[in-house]
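The values are calculated or read from the model by the stated rules, or taken from the named source; none is laboratory data. Predicted, not measured: the structure shown is a model, and the values here were computed from it. Glycine also receives a Cβ, built like all others from the backbone with ideal geometry; neighbour counts cover every protein chain displayed.
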């Protein structure tokens, strides 16, 4: 039996994690649930899974949660950064699922590592911002970081029993999002509703927009570089609209291994939670008898400049990936609020990156300073666009 702390339990990944727990109650128990503001859903999760600790964003939400569940429910309720870090370090927890959105996941992940917990990582921003530092601390503590992203889970599975020295390249597949076939000159007319309609995956709003700009794939390039200890030059992006091949690894003898499956996050989540075993999910396999066609293409970096900016940040390193991530979060938030246009997102990011004085080999404090600076800079650029 593994005891879980699920950080981001009300998001799409968190809800899928709890679906796995529900399917395999003999394998998993939930000790901690942490969310941001969806206290109504969190209250229902507390009722079903009976954790000993629940954490929310602030004191007001903590009071709302207690009002909903009532005083008779025996669960400790905490809030804020201190609460999230306690959720990641609780003695009874075996596995911390980091499914929080954005930079907020970094400190709880580091706290879980320091506490010696296995990390089931869905928060890619943790490795984008501070990948080298995070992986070094995990190695020092003997902590496993197991990927939940479908692409990184696929790579992880393909590398089982293999040596990194034999890897020629990592091939990260991308669906291309809703606008891969759309002419570049029509991007100025993209609406929020259109951008939120991903063709293959059901995800949260922020990651859905990142998929539409291909920034999500750029963040995954940065994540893969750190997670698998490879040069950024070995990571390539391949457009695969069917999302059947979740990623591939090419070896220096010319062999290519691919992990295939239907577009469903449960497989990757279950593998991270149960590793090195596989759970009998009984998921359907792709229907190879129905004329299944798998197609591939190269990304157009001129049409999707966010991906090009991510490659630049990956090559430059230092504090630039943290700046890229922070500026993207600010720009996407503004687009979700319909304050800026879709085409403004990469402009805000690029201008923020261009204004940044990169610090090589930063410590944690330097990474957090760069994150704060980039949010202020990107916020100013957004206000200029709005005015």
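Brief remarks follow.
- Residue match in region 258-280 (condition: in contact with a helix residue (DSSP H, G or I) (Cβ under 8 Å, 6 or more places away or on another chain), more than 28 Å from residue 138 (Cβ to Cβ), assigned by TED's automatic domain parsing to the domain that holds residue 178 and modelled with pLDDT of 95 or more): no
- Qualifying residue in region 341-364 (condition: at positive phi and buried (at least 18 other Cβ atoms within 10 Å of the Cβ)): no
- All strands (runs of 3 or more DSSP E) inside region 32-137 with 1 or more residues being buried (at least 23 other Cβ atoms within 10 Å of the Cβ) and in contact with a helix residue (DSSP H, G or I) (Cβ under 7 Å, 6 or more places away or on another chain): 53-56, 95-98, 118-121
- So residue 29, is it part of a strand (DSSP E or B), more than 16 Å from residue 99 (Cα to Cα) and free of Cβ contacts under 8 Å to residues at least 40 places away in the same chain: yes
- Figure legend. Inter-residue proximity from region 39-62: first residues at positive phi, second residues outside any strand (DSSP E or B) and at pLDDT 95 or above, beta-carbon distance below 9 Å, spacing 6+ or different chains. Indicated pairs: 50/75.
- Region 140-151 residues that are in a loop (DSSP other than H, G, I, E, B), paired with ones that are surrounded by fewer than 19 Cβ atoms within 10 Å (Cβ to Cβ) (beta carbon under 7 Å, 6 or more apart): 143/116
- Filter pass, residue 298 being in contact with a strand residue (DSSP E or B) (Cβ under 9 Å, 6 or more places away or on another chain) and surrounded by fewer than 19 Cβ atoms within 10 Å (Cβ to Cβ): yes
- Residue within region 197-215 that is out of contact with any helix residue (DSSP H, G or I) (no Cβ under 6 Å at 6 or more places or on another chain), farther than 22 Å from residue 260 by Cβ and free of Cβ contacts under 8 Å to residues at least 12 places away in the same chain present: no
- Annotation: residue 5 fulfils all but one of (1) surrounded by fewer than 18 Cβ atoms within 10 Å (Cβ to Cβ); (2) touching a strand residue (DSSP E or B) at 6+ places or on another chain (Cβ under 7 Å); (3) outside any helix (DSSP H, G or I); the unmet one is (1).
- Verdict on residue 329 being surrounded by fewer than 15 Cβ atoms within 10 Å (Cβ to Cβ) and either in a helix (DSSP H, G or I) or not assigned by TED's automatic domain parsing to the domain that holds residue 13 (or both): no
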